[in-house]
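See below for the structure under consideration.
The values are calculated or read from the model by the stated rules, or taken from the named source; none is laboratory data. From a predicted model like this one, the values you see are computed outputs, not experimental measurements. Here Cβ is always computed from backbone atoms with ideal geometry, including for glycine, and neighbour counts include all displayed protein chains. The area values use the complete protein model at the heavy-atom level, side chains included, leaving out ligands, DNA and RNA. Shrake-Rupley method; radii C 1.70, N 1.55, O 1.52, S 1.80 Å.
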Amino acid sequence: MNDSSRYFKGARLAALTLAATLSTATAVQAQEPIRIGSFLSVTGPAAFLGDPEQKTLEMVVERINAEGGVLGRKLQLIAYDDSGDAEKARTFAKRLIEQDKVDVIVGGSTTGATMAAVPIAEQAGMPFVSLAGAVVIVEPVKKWVFKTPHTDRMACEKIFVDLQSRKLSKVAMISGSGGFDKSMHAECLKVASKYGIEIVAEETYGAADTDMTAQLTKIRASSAQAVLNAGFGQGPAIVTRNYRQVGLTLPLYQSHGVASKEYIKLSGPAAEGVRLPAAALLVADLLPAGDAQKPVVTAYRNSFEQKYKTDVSTFGGHAYDGLMLVVNAMKQAGSTDKAKVRDALEATKGYVGTAGVVNMSAADHMGLDLSAFRMLEVKDGNWSLVK
Amino acid sequence: MGSQWVQFVASGLTAGAIYALVALGFSIVYNASGAINFAQGEFVMVGGMSAVSLLATGLPLPAAVLLAVAAAVIVGLAVEKLAIEPARHAGTVTLIIITIGVSLFLRGLAQLVWDKRVHALPAFSGDQPIHLFGATLLPQSLWVLAGAGLAVAGLSWFFGRTLFGKAMLATSYNPLAARLVGVNTRTVLLASFGLAALLGALGGVLTAPITFTAYDTGIMLGLKGFAAAMLGGLGSFSGAVLGGLLLGLAEGLGAGFISSAYKDVIAFVIILAVLFFLPGGLRGARRTERV
């Protein structure tokens, strides 16, 4: 009796322990966060991209977690700073996959950083949503790679359509020497003839150049009817100032790369009349009430500006879209299984983001069309919509 | 064609005046310590960024500019006290490496104290370009040229007419002999950093309205200024000015007539050419070793 009772006691204890372990195990599994990996250019020359992107990711992850997470699990953001260095981006992408064992990567502020990480994501079978601009990221289509921003080719096309409507056909291009600048320059050259545009002069400037009057003087001597500046960072602001300085009065177009208030601030009154294609986010207030994007961009802008007390930029919006696309795909797939999330990403239809309405397909891993771009003009130190 | 020439020369001279100010800073420190101060570009940045943030606090522009230059001088003195002086008995190579460390440190600090964005200072006297022989010049360019001219005049007065300036010159010729006749070479070293920071910051505030300023503007300016100092002859003040202006002109004309893509290459080709063919620079001392 004694023996058997002791036996039973022992068995009960064992069963209890087992049950306890099992229940903690399931609890741990339920609480195991979904890991969102990211590498962004938070410092360095592309800091103006990476900084708002990181802030946005942190803000949205916080909000989603406060609302209960995704699939009952919290999100955990693991973000590294590649400081605009493609080699570092590659290392961080590896670390995210191999050490941090993330479920998905949303990141890559610059095209260079993104392209360095693409082979690694492809090889590991890791869904990767890039936040960089160039068309090479999704063309040719790569199985695991998606992107949220508009491409530079779309920016060229939007500008050329606007030029057509103003009956201008001879264009001078002045471009920076960065990856984005070069890529946009090449894309514009490629699609120019489709819109009956002739490029009559091509000038370049270095990333750290502080004076572009020499290049603009040459453009002044050409037969151009309009000037297109493909570039981002401080270069376009200097171009804009020098443009007025050398007395050029032709219409000046900038790229979507400078679509932030900072550009207007740096260029000062010289920016008046400059046109550029940009996402709806910048002009949330100006959008007509019926615009599909209006509620999304207004909500994002308000929460960002409330939290960080700085102006919103489209780049942060790209990070918002990237994370929301991934979250939606996970909900759609009902799991964080990488292949299923990838398939769900590719099947995204009608997602209304800050960049536009996204309709992905097997042939299009960006899912935006020209309507996603709005043509803006600087008026009285602010953006205005060109009708 | 003629007006293009004038335009290229005008923009070349403006850039050249900035390089000259940076190059002068290199020469002053070189004379006092025999070392190249690679944090010289960072002094430019500290000047520009301080002016921007002081202006943001509501100070009037002239006050912000003067205080910014003063702030940079304090930074320069602190750099000498905290980083250079403790290692003054080490070789020049060690000192040079320390200045590289200082430049990295200052750049990092600037990111923390300020931010990573690009800032502009309002122009001192308007943005309306001045038309000159078919070329256009910003009024700010005249400020830069005048500022550089005044700095050079001030320096030549300081080194030619004041006792302390002469003591600094004496130290540059022969530190041991200068010590023997009672010159405090430690003070000279300290003053040289203060003076170098002053010149750099002056360049920083004068150019911030044209070229903008950010935490990392010091890198390229430092390199270009170094190229200018090498071209003119390290340690020679007239050489620094000459080198700066020549480099600016070469860049302006090169960008205008050859290709804008090669603008930065010009500075570095000049460094290489000078090192190969004219190690003393245009106005540098022709040193002969006697055995």
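Values as computed for the structure displayed
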item: Over chain A, relative contact order from alpha-carbon pairs under 8 Å, at least 6 apart, %; result: 16
item: Sequence-distant residues sharing a close amide H with A:V70 (under 5 Å, placed H); result: A:L75
item: Helix axis angle, B:61-79 relative to chain B longest principal axis, alpha carbon, degrees; result: 30
item: By average C-beta atoms within 10 angstrom, highest first, the peptides A:151-162, A:102-113; result: A:102-113, A:151-162
item: Extended-chain gain in nm, criterion 0.36 nm per residue less alpha-carbon gap, A:L286 and A:S361; result: 23.9 nm
item: Exercise: per-residue mean of other protein chain Cβ atoms within 10 Å, B:218-225; result: 1
item: Helix A:47-66 axis, angle to chain A major axis (alpha carbon atoms, nearest 10°); result: 40
item: Two-site FRET efficiency, A:T298 against A:E67, from Cβ-Cβ distance with R₀ of 30 Å, rounded to 0.05; result: 0.95
item: Residue-wise HN-Hα coupling along the stretch A:178-195, computed from phi with Karplus coefficients 6.51, -1.76, 1.60 (Hz; x: Gly, Pro); result: x, x, 4, 4, 5, 5, 5, 4, 5, 5, 4, 4, 5, 9, 4, 5, 4, 10
item: Average Cα contact separation per residue, chain B, under 8 Å, 6 or more apart, as relative contact order %; result: 36
item: Net charge over other residues, Cβ less than 12 angstrom from the Cβ of B:T99 (K, R count +1; D, E count -1); result: -2
item: Spin-label model distance (nm) - B:V113 vs A:E198, 7 Å beyond Cα toward Cβ; result: 5.5
item: Mean separation of Cα contacts under 8 Å (6+ apart) over length of the stretch A:30-90, as relative contact order %; result: 51
item: Folded to 0 to 90 degrees: helix B:92-113 orientation relative to chain B principal axis, Cα; result: 40
item: Net charge of neighbours whose Cβ lies under 14 Å from the Cβ of A:F160, counting Lys and Arg as +1 and Asp and Glu as -1; result: +3
item: Value at 222 nm in deg cm²/dmol, rounded to 500, when DSSP H runs of n ≥ 4 in the protein assembly as shown each add -39,500 (n - 2.57); result: -18500 deg cm²/dmol
item: Residue (of A:I137, A:S165, A:A207) at the positive-pole extreme of the stretch A:128-268, dipole from beta-carbon charges; result: A:S165
item: Neighbourhood charge, 13 Å Cβ-Cβ cut-off, centred on B:K224 and excluding it, Lys, Arg +1 and Asp, Glu -1; result: -3
item: Two-site FRET efficiency, B:W157 against A:K265, from Cβ-Cβ distance with R₀ of 41 Å, rounded to 0.05; result: 0.55
item: Cα gyration tensor shape of the protein assembly as shown, rounded if a/c is under 1.5, else prolate or oblate by comparing a/b with b/c; result: oblate
item: Listed residues B:V46, B:V9 arranged by accessible area, highest first, probe 1.4 Å; result: B:V9, B:V46
item: Exercise: per-residue mean of other protein chain Cβ atoms within 10 Å, B:169-178; result: 0
item: Calculated FRET efficiency for the pair B:T92/A:Q123, C-beta based, R₀ 45 Å, to 0.05; result: 0.35
item: Sequence of B:F277, A:F232, A:F304 when ordered by accessible area, the most exposed leading, probe 1.4 angstrom; result: B:F277, A:F232, A:F304
